[in-house]
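**Student:** Structure incoming, see below.
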Amino acid sequence: MKPIEFTDGNFEVEVLKSELPVIIDFWAAWCAPCRMIAPIIEDLANSYEGRVKVGKLDVDTNQQTAIKYGVRSIPTVLIIKNGQVADTIIGAVSKATFVDKIEAVL
């Protein structure tokens, strides 16, 4: 399963109203650390299919959402549960770090 593409337009329905916890990777095509964690994000989308919604939000084309959540550096990954930010991960980190933080909200 591929990560979902989140946008300013679908964010409320796909993320804030989701019954599952949601992982959002705030990224941009020009960001090298974003490209480094992209395979991890894809892995997580497969590993947690049906239990967690995993997606990416391009900060260049969806600036409203990035501003709303105070995303100043990328990659920033938010874990949202019941419409609220449950955790934040900034920078390129290991898959184990993501797994630990996801398991904590499940």
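What follows is calculated from the coordinates using simple rules that are stated; it is not laboratory data. Note that the structure is a prediction, hence the values are computed from the model and not measured. Counting neighbours? That spans all protein chains shown, and the Cβs are built from the backbone with ideal geometry, glycine included.
**Student:** Filter region 40-61 down to the residues that are surrounded by fewer than 21 Cβ atoms within 10 Å (Cβ to Cβ), assigned to a helix (DSSP H, G or I) and in contact with a strand residue (DSSP E or B) (Cβ under 7 Å, 6 or more places away or on another chain) and list them by number.
**Tutor:** The one that is surrounded by fewer than 21 Cβ atoms within 10 Å (Cβ to Cβ), assigned to a helix (DSSP H, G or I) and in contact with a strand residue (DSSP E or B) (Cβ under 7 Å, 6 or more places away or on another chain): ALA45.
**Student:** Name, by its number, the condition in (1) surrounded by fewer than 16 Cβ atoms within 10 Å (Cβ to Cβ); (2) in contact with a strand residue (DSSP E or B) (Cβ under 8 Å, 6 or more places away or on another chain); (3) not hydroxyl-bearing (Ser, Thr, Tyr) that does not hold for ARG72.
**Tutor:** The one condition ARG72 does not meet is (2).
**Student:** To continue, here is another question. Just wondering, is there one or more residues in region 4-23 that are in a loop (DSSP other than H, G, I, E, B), among the aromatic types (Phe, Trp, Tyr) and within 15 Å of ILE79 (Cα to Cα)? Reasoning before the result, please.
**Tutor:** Initial filter on region 4-23 (in a loop (DSSP other than H, G, I, E, B)): 7-10, 17-21.
From the residues that got through so far, the ones that are among the aromatic types (Phe, Trp, Tyr) too are none.
No: zero hits.
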